[in-house]
Amino acid sequence: FGRRAHFAQASYTSLPRQLTQLGWDAVDGILLDLGLSSMQLDTPERGFSFQHDAPLDMRFSPQNPVTAASLVNGLDENELADLLYRYGEEADGRRIARAIVRARPLQTTLQLAAAIEAILPRRGRVHPATQTFQALRIAVNEELASVADVLPKAAAALRSGARLAVISFHSLEDRIVKEFFREQGRDLVNPPYTPLYAEERKAVLKEISRKPIIPSEAEIAENPRARSAKLRVAEKL
Ligand SMILES: C[S@@+](CC[C@H](N)C(=O)[O-])C[C@H]1O[C@@H](n2cnc3c(N)ncnc32)[C@H](O)[C@@H]1O
């Protein structure tokens, strides 16, 4: 890529600082590819997968002081149940939280998966620990808060006509992106005598299509991990 590329190892929430450092006041496009990478999932010692035994880590950044083990062993039962419900949409969150607390300390991925499997038998092909692992990963990396944080920063960094494209991998992320695009697509204008908005403004973004772009059957056959991906695109007005 030569001088056309600049790499920075940093949270995308630091986007404004990165742009200031480059001396760029606006950009022509932003692509956010959320979640975790196949490489991370396939590196057992990162602790994202229960296919292999590894320490319960799950951090995207080694600078992050919070690991999955610190949450699993440090939160109380209610906090764990709440985390599993909020970030894993796990209907059995309460039972799993109780099983985790009973089995503690849990240090490895397989210990955690086994503690869950002991109280929830496998249903079909999906391992009963799947949503717990997702929930822990989201919590460790504060993924939803980061998405909510970066979207307005990204929108502000675009020049007029530039596009913001976001690929998400589960409904919790996608909901944040969808709601942000909808909200930024509306004019906020107070009706006479009814101050609904502290600040009036015109719409900031226009969605390219209301429906997300999803992978074709052929793409999913070639790359099964793409199956839950949703791409939403909006243009800066
Ligand atoms: C879906 S992968 C992207 C893969 C990459 N586009 C590729 O094709 O190889 C998402 C990546 O974003 C990283 N990531 C997650 N949250 C982040 C954040 N807040 N700031 C920066 N990177 C983050 C993850 O560590 C992961 O490597």
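Only the coordinates and a few stated rules stand behind these numbers; no lab work does. As the structure is a prediction and not an experimental result, all values here were calculated from the model. Quick reminder, even Gly has a Cβ in these numbers, built from the backbone with ideal geometry, and neighbours come from all protein chains shown.
What residue, among those in region 66-81 that are charged (D, E, K, R) and part of a helix (DSSP H, G or I), is nearest to residue 114 (Cα to Cα)? Spell out the reasoning first.
Going through region 66-81, the residues charged (D, E, K, R) turn out to be 76-77, 79.
Of the ones still in play, those that are also part of a helix (DSSP H, G or I) are 77, 79.
Numbers: 77: 18, 79: 21 Å.
Filtering first and then ranking leaves 77.
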Q: Go through (1) surrounded by fewer than 18 Cβ atoms within 10 Å (Cβ to Cβ); (2) touching a strand residue (DSSP E or B) at 6+ places or on another chain (Cβ under 8 Å); (3) touching a residue at least 24 places away in the same chain (Cβ under 8 Å) one by one and return the number of the condition residue 204 breaks.
A: (1)
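Consider region 26-48. How many of its residues are in a loop (DSSP other than H, G, I, E, B) and more than 30 Å from residue 224 (Cα to Cα)?
1
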Q | Selection status of residue 159, part of a strand (DSSP E or B) and surrounded by 13 or more Cβ atoms within 10 Å (Cβ to Cβ) | A | no
Q.
So, in region 125-151, exactly how many residues are within 11 Å of the ligand (Cβ to nearest atom), free of Cβ contacts under 8 Å to residues at least 12 places away in the same chain and part of a loop (DSSP other than H, G, I, E, B)?
A. 1
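Of all residues being assigned to a loop (DSSP other than H, G, I, E, B) and touching a Pro at 6+ places or on another chain (Cβ under 8 Å) in region 207-237, which is surrounded by the most Cβ atoms within 10 Å (Cβ to Cβ)? Just the residue, please. Give the steps one after another, and end with the answer.
Narrowing region 207-237 to residues assigned to a loop (DSSP other than H, G, I, E, B): 208-212, 214-216, 223, 227-229, 237.
Cutting the leftovers down to touching a Pro at 6+ places or on another chain (Cβ under 8 Å) gives us 223, 227, 229.
Details: 223: 12, 227: 13, 229: 21.
So the residue we want is 229.
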Q.
So residue 58 ticks every box in (1) buried (at least 17 other Cβ atoms within 10 Å of the Cβ); (2) in contact with a strand residue (DSSP E or B) (Cβ under 9 Å, 6 or more places away or on another chain) but one. Which box is left unticked?
A. (2)
**Q.** region 1-25, residues that are more than 15 Å from the ligand (Cβ to nearest atom) and part of a helix (DSSP H, G or I)
**A.** 2, 3, 4, 20, 21, 22
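Which residues, taken from region 152-171, are more than 14 Å from the ligand (Cβ to nearest atom) and hydrophobic (A, V, I, L, M, F, W, C)? Full working, then the answer.
Residues of region 152-171 more than 14 Å from the ligand (Cβ to nearest atom): 152, 155-164, 171.
Answer for region 152-171, where residues must be more than 14 Å from the ligand (Cβ to nearest atom) and hydrophobic (A, V, I, L, M, F, W, C): 155, 156, 157, 158, 162, 164.
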